Amino acid sequence: MKAIIVHGGAGDAKITHEIPERVQFVKKVAEEGFTLLKEGLDAVEVAVRAVKMLEDHPLFDAGRGSYLNEEGFVEMDAGIMDGSKLSIGAVAGVRNVKNPIELAYLVMEKSSHNILIGNGAEKFGKEHGVEFVPPYYFYSERIIKIFEGTYGDTVGAVVLDGKKIVSAVSTGGTPKKHVGRVGDSPIVGSGFYANDEFGAVSTGIGEDIMKLVLSFRISLYYPKYTINEAVKNCIDDLSRINGRAGLIALDKNGNIGYAFNTKGMFFAYIKEGQDSVIGGF
Ligand code: ASP
């Protein structure tokens, strides 16, 4: 069974005229990811490529579209986990890296560590030929307007290639965050998790997500419940502590789960046996 679910953030999407374009794009990412899976690409590669597409798009809070922090610059977090090996790679607070998910992937594959932060992560990226961009790459009129605005547009993907499940996430964090703030996204178990049974990625207010270790929390309910019920239970638990987030997941059989208690969440998924991508906000 091959399957992919992607998200483009949970939140209020206050810039409503952008919603159709963003829905179309997450659907496109799921579709292209699924085509790559059918061509035989590995789940790790597909998850990285899917997240990279979203990082390169200016309307999502990751990579190019990252929110600015309180001092008006971008600090990004990303993480990836290969459920078949329980291998982890994550980066936090990185600046001027075009695709933080690629850096997280390199930490997973080429270092003996799980998480690198700030300067150390950037140094590691330089050692491994990661692409760096000048600060103006991140400054658009939109982002400067949002500087006063909303939250909640991280990106993520969970991919099953028939053998393994991989979860990947990338974010610019919350708007106007304190310099040095790290959200849930690079924290294994909170922002992302994968094993042989299921994979999951969270989005929303990182400070809330961490309280319930939201991505790993699914294991409290799954496999006793279906993956979709398990995901909904996790979001209900979060509502009880007044947290706000979205969660996407899939299990080893390609069953899909997603839920959110925000106004909406950009999501799209497709799996074998399904005619076309299902997605929305
Ligand atoms: N979870 C991310 C963070 O707190 C933000 C988001 O999902 O939009 O950094």
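The values are calculated or read from the model by the stated rules, or taken from the named source; none is laboratory data. Keep in mind that this is a model prediction, so the values were computed, not measured. Positions of Cβ are generated from backbone atoms using ideal geometry, with glycine treated the same way; all protein chains shown enter the neighbour counts.
Look at (1) closer than 16 Å to V166 by Cα; (2) away from the ligand (no atom under 16 Å from the Cβ); (3) of a type outside the set (A, V, I, L, M) and you find that H7 fails only one, number (2). For the stretch 31-45, taking the residues that are farther than 16 Å from S167 by Cβ and either at pLDDT below 95 or not aliphatic (A, V, I, L, M) (or both), the one that is surrounded by the most Cβ atoms within 10 Å (Cβ to Cβ) is identified as F34. Among the residues of the stretch 1-45, those that are of a type in the set (D, E, K, R) and in a helix (DSSP H, G or I) comprise E18, E21, R22, K27, K28, E31, E32, K38, E45. Restricting the search to helices (runs of 4 or more DSSP H) fully inside the stretch 46-158 and requiring at least 1 residues that are modelled with pLDDT of 95 or more gives 100-110, 118-127.
Residues checked against (1) touching a Phe, Trp or Tyr at 6+ places or on another chain (Cβ under 9 Å); (2) near the ligand (Cβ under 9 Å from one of its atoms); (3) free of Cβ contacts under 8 Å to residues at least 24 places away in the same chain; (4) not small (G, A, S):
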| site | (1), (2), (3), (4) |
| --- | --- |
| I165 | yes, no, no, yes |
| V169 | yes, yes, no, yes |
| P175 | yes, no, no, yes |
| H178 | no, no, no, yes |
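Of the residues making up the stretch 215-243, those that are part of a helix (DSSP H, G or I) and among the small types (G, A, S) are S215, S219, A230, S239. Taking the conditions (1) in contact with a Gly (Cβ under 7 Å, 6 or more places away or on another chain); (2) more than 19 Å from G118 (Cα to Cα); (3) among the aromatic types (F, W, Y) in turn, F34 satisfies each one other than (1). Within the stretch 114-133, which residues are without any contact (Cβ under 8 Å) to a residue 12 or more places away in the chain and surrounded by 14 or more Cβ atoms within 10 Å (Cβ to Cβ)? Of everything in the stretch 114-133, just one residue is without any contact (Cβ under 8 Å) to a residue 12 or more places away in the chain and surrounded by 14 or more Cβ atoms within 10 Å (Cβ to Cβ), namely G120.
Within the stretch 32-44, not a single residue is basic (K, R) and under 17 Å from the mean Cα position of the chain (by Cα).
Cβ separations smaller than 7 Å between residues 6+ apart or across chains give the following pairs from the stretch 247-266 residues that are on the phi > 0 side of the Ramachandran plot to residues that are modelled with pLDDT of 95 or more and in a strand (DSSP E or B): G254/A3; G254/L160; G254/K271. Please specify each residue of the stretch 229-280 satisfying the condition of being surrounded by fewer than 19 Cβ atoms within 10 Å (Cβ to Cβ), within 16 Å of the ligand (Cβ to nearest atom) and among the hydrophobic types (A, V, I, L, M, F, W, C). Passing the criteria: only I241. Identify the residue in the stretch 188-214 that is crowded, with 23+ Cβ neighbours inside 10 Å and assigned to a loop (DSSP other than H, G, I, E, B) and, among all such residues, is nearest to the ligand (Cβ to nearest atom). Among them, the one singled out is G191. Filtering the stretch 219-228 down to residues that are more than 13 Å from I5 (Cβ to Cβ) and in contact with a helix residue (DSSP H, G or I) (Cβ under 9 Å, 6 or more places away or on another chain), which residue is surrounded by the most Cβ atoms within 10 Å (Cβ to Cβ)? Selected residue: Y222.
For the stretch 252-274, a residue qualifies if it is within 16 Å of K232 (Cβ to Cβ) and part of a strand (DSSP E or B), and the qualifying residues are I256, G257, Y258, A259, F260, G264, M265, F267, Y269. Among the residues of this structure, F138 counts as one that is more than 14 Å from the ligand (Cβ to nearest atom), touching a residue at least 60 places away in the same chain (Cβ under 8 Å), more than 19 Å from D184 (Cβ to Cβ) and not β-branched (V, I, T). Report yes if some residue within the stretch 70-88 is of a type in the set (F, W, Y) and within 14 Å of T154 (Cα to Cα); otherwise report no. No, there is no match, as no residue in the stretch 70-88 is of a type in the set (F, W, Y) and within 14 Å of T154 (Cα to Cα).
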